[in-house]
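Heads up: the structure comes next, in structure tokens.
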Ligand code: C2O
Ligand code: CU
């Protein structure tokens, strides 16, 4: 009977009306801000001479998103204090923060100013920076304080991003608008001769929910917190019903899934394959053709979008196709139903269910452009790790994600501890390791978890699926782009994913966690320690 409860049914069972805990606007959130103990801005190191110096102020402001009343949002306001003004590029009329553009090897100083009414801190998602520059929640700063980040850009060219990371408030703050892209360029990328300038287009996809007066709604009922928040309006670069005009030529699309918990299954509406040229950690070795791309929260993918054979006046939609299983099994297990997860469709009863089909954006080909830019056959060099070279290849470090007690997500049975590191979370600098994320611990509590590791870029070397989840997995698996460098990997119900990573940058304590931000805030996050 109870094998498939919708969100609304769940709330009734728990005596919560669906709208009762919906918060309008951004004040009076039900979750008390977590007050970090040590909130000391790090002293600047006088040996560090920045090439570029920026300021980002986290502010409480307004943006025009829907027709009519403006929406209260939180936003990173940017300023270039030193260096080329082109190091920051605002996204016009968007709540999103400015795009930071940096070159490999540059030394960057960024002053974060907290003009909010609660603690915050920024994490540079995907960047290889020292632990004290990584935005660990223990460095959260109080209202009115500043934090100074000094780091050298070590990453390959690629599409990285930044967002808040204060414990238990990451989901809320990112949802309120605090996020931006961090784009890195390098010589190898220049040689690939990709579309640039106006033909290099950032596309940040997020889902939001609004009330009748255009204010953001972030539902904090127990169900949304446990499953992850889903909005019913799809925004691209902060705009609803996003439409872009293009010419008849090739474009570089940099796609970030900046949503709190929604997975997208990207595809062109007419069935043209997607041409993927980069993942989280930069360019692939060569372009990959995919009939669709599965993109979890925090993940990025770059597409080569060629409109040179399209007619002026034609249109094309980028869609998210239907899939199943994102929330499979959850309710059946909790309610004592014996059904296996693979039997259920996910998505509950959210206004726009997880796995529903919808349009993300519309493209209008509105002009002829004569251009001979062609897709390069080779994009970059990637050094392939070999499983045999991992120090633990016979016994990979395994991290099982499971719901331990009712409504508590855990990793190997543990929840986040601000300074806690367990014995099986200690690695050695300059070693290559195999890690496995496992979403198979039992059949009752499985949903999709986009797992993110700070401090490294890794390679995905193997995926296995439990037999009862095979059928739902088939709705997403062809969309994984495991060919390139990754910092976030989508872990489907029933999956076991094997990664290889080398800890070669900095010793110290870093996070690994689920990038479903409601899961992260609940404690589906742990520290790991890189020992020198
Ligand atoms: Cu994008 Cu620890 O997060
Ligand atoms: Cu999760």
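Structure notes:
- Applying 0.36 nm per residue to the separation of residue 200 and residue 366 and subtracting their alpha-carbon distance, the gain on full extension is 58.0 nm.
- Cα-based shape type of the chain, given that a ≥ b ≥ c are square roots of the gyration tensor eigenvalues and the cut on a/c is 1.5: rounded
- The order of the peptides 386-399, 239-252, 197-210 by mean Cβ neighbours within 10 Å, most packed first, is 197-210, 239-252, 386-399.
- For segment 47-165, the relative contact order works out to 26 percent when only alpha carbon pairs closer than 8 Å and six or more residues apart are counted.
- Measuring between their Cα centroids, segment 96-128 and segment 355-388 lie 26 Å from each other.
- Length gained on full extension, residue 89 to residue 243, computed as 0.36 nm times the residue gap minus the Cα-Cα distance: 53.4 nm.
- Distance between segment 251-267 and segment 456-531 - C-alpha centres, whole angstrom: 17
- Kirkwood-type hydrodynamic radius, segment 72-125: 12.8 Å, calculated from all non-identical alpha-carbon pairs.
- Divided by 2.2 N^0.38 Å, where N counts the residues, the Cα radius of gyration of segment 176-236 comes to 1.69.
- In terms of the mean number of neighbouring beta-carbon atoms within 10 Å, the peptides 509-520, 125-136 order highest first as 509-520, 125-136.
- Ellipsoid equivalent to segment 45-179 - semi-axes via the Cα gyration tensor, in Å: 24, 18, 13
- Segment 354-429 shape via C-alpha gyration tensor axes, a/c threshold 1.5: oblate
- Stokes-Einstein D for segment 388-491, Kirkwood Rh over Cα pairs, 37 °C, 0.692 mPa s (µm²/s): 213
- Remark: the residue 470-residue 322 segment gains 51.6 nm on full extension, using 0.36 nm per residue and subtracting the alpha carbon distance.
- For the chain: relative contact order, % (alpha-carbon pairs under 8 angstrom, 6 or more apart): 15
- Hypothetical label at residue 308: residues of segment 360-385 whose amide nitrogen lies under 14 Å (7 Å Cα-Cβ projection): 369-377
Here, each number is a calculation from the coordinates, and none is a lab measurement. Just so it is clear, the structure is predicted and the values come from calculations on it, not from any experiment. Positions of Cβ are generated from backbone atoms using ideal geometry, with glycine treated the same way; all protein chains shown enter the neighbour counts.
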